Amino acid sequence: MALASDLDEPHDSVREPVLSIRGVSKGFGAVRALTDIDLDVYPGEVVALVGDNGAGKSTLVKILAGVHPADSGVITFNGAQVSIPSPTESRELGIATVFQDLALCDNLDVVANLFLGRERGGFMVDEELMEQQAWELLRQLSAKIPSVRIAVASLSGGQRQTVAIARSLIGEPRVVILDEPTAALGVAQTAEVLNLIERLRERGLGVILISHNMADVQAVADRVVVLRLGRNNGVFRTSDVSYEDIVAAITGATDNPVSSRSAAQSSEKDAE
Ligand SMILES: Nc1ncnc2c1ncn2[C@@H]1O[C@H](COP(=O)(O)OP(=O)(O)OP(=O)(O)O)[C@@H](O)[C@H]1O
Ligand SMILES: [Mg+2]
């Protein structure tokens, strides 16, 4: 029987994270890239992972993607403690990582890129079925791709990002990690990719979004996890935090030019 106090618990404390990291550390020789990192991702949640250059974001992603082993710490996925010794095991667990270089084959068309590496086993490849599945997947993502039979080289940056994200979904992951998905994109294409991230959340996936763009973070993330010099430096609900607070956590100071400029602007307003 549920105790009354259990029923009073807020929703979040009852729900289990799909991915949970506790005390993860990683060094490269003398460099302490990560020290004692904690991070949770819930199903249907977008977590932005932010921090300055060298803060350790990509290192954390590479640990989750099975590229680097952690030196210490515990990773729990779907309620079970896991180790992620290789990229294959990361994918098989249900973690899909879209790296910044996307790793698409420019000379191949959209269908071929989506199914790249999955048509093995010496079976005849059913081109028609793959094409249908490609359209279905892109439709579910409300993706704007003119044709699945054009070479990826002729797509825009946003469309290429869409193909890379769509490809990551084919293994039916539970967590998708996107490393700087909007870094090279214009305004309209960025909006398209942010829309796509919302589709992933609607599908109940946990999303880790690495971004240096605070407008994107505030537009799409539910929570923001800040890394600074390889350590946790704050976790915020996006709805409760200002741009200045995030910047202060990233830089470790409240007297940096960005936040002091905005403080000066608001005190000018106060003086009016
Ligand atoms: N393979 C490696 N060998 C040695 N040092 C590394 C390696 N990978 C990362 N580092 C170091 O670890 C630290 C964290 O780097 P990381 O790439 O994780 O930062 P980041 O937050 O992704 O930065 P950016 O925003 O510039 O991409 C840096 O000091 C970096 O030089
Ligand atoms: Mg990086």
Nearest-0.05 FRET efficiency for N195 and L116, computed from C-beta distance (R0 22 Å): 0.35
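If R₀ is 35 angstrom, what is the calculated FRET efficiency for the pair A253 and Q100, using the beta carbon separation as r and rounding to 0.05? Intermediate values should be presented prior to the final figure.
On the way: r = 28 Å, r/R0 = 0.79.
Once the sixth-power term is evaluated, E becomes 0.80.
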Within the stretch 48-155, trypsin sites (Lys or Arg not before Pro) in DSSP loop having at most 12 other beta-carbon neighbours inside 10 Å: R118, R120, R149
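Would you order R167, R32 from fewest to most other beta-carbon atoms within 10 Å of each residue's own beta-carbon? Please list the in-between numbers first.
Working: R167 23, R32 16.
Least to most surrounded, the residues fall as R32, R167.
Work out the FRET efficiency for A215 and Q140 from their Cβ-Cβ distance, taking R0 = 25 Å, and round it to the nearest 0.05. If you can, show how the numbers build up before the last one.
On the way: r = 26 Å, r/R0 = 1.05.
Step by step, r from the Cβ atoms, then E = 0.45.
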Overall dimensions of the stretch 159-255 as given by Cα atoms, namely Rg and Dmax in Å: 14.1, 46
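Gain in length, E202 to A80, computed as 0.36 nm per residue apart minus the alpha-carbon separation, to one decimal in nm? Spell out each step's value before the answer.
Details: separation 122, 0.36 × 122 = 43.92 nm, distance 2.41 nm.
So the extension gain works out to 41.5 nm.
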Long-range Cα-Cα pairs in the stretch 61-197 (distance over 17 Å), rounded percent: 62
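Readers should treat all values here as calculations from the given coordinates under stated rules, not as data from a laboratory. What you see is a predicted model, and the numbers here were worked out from it, not measured in a lab. Using ideal geometry, Cβ is built from the backbone for each residue, glycine included, and neighbour counts are taken over all protein chains shown.
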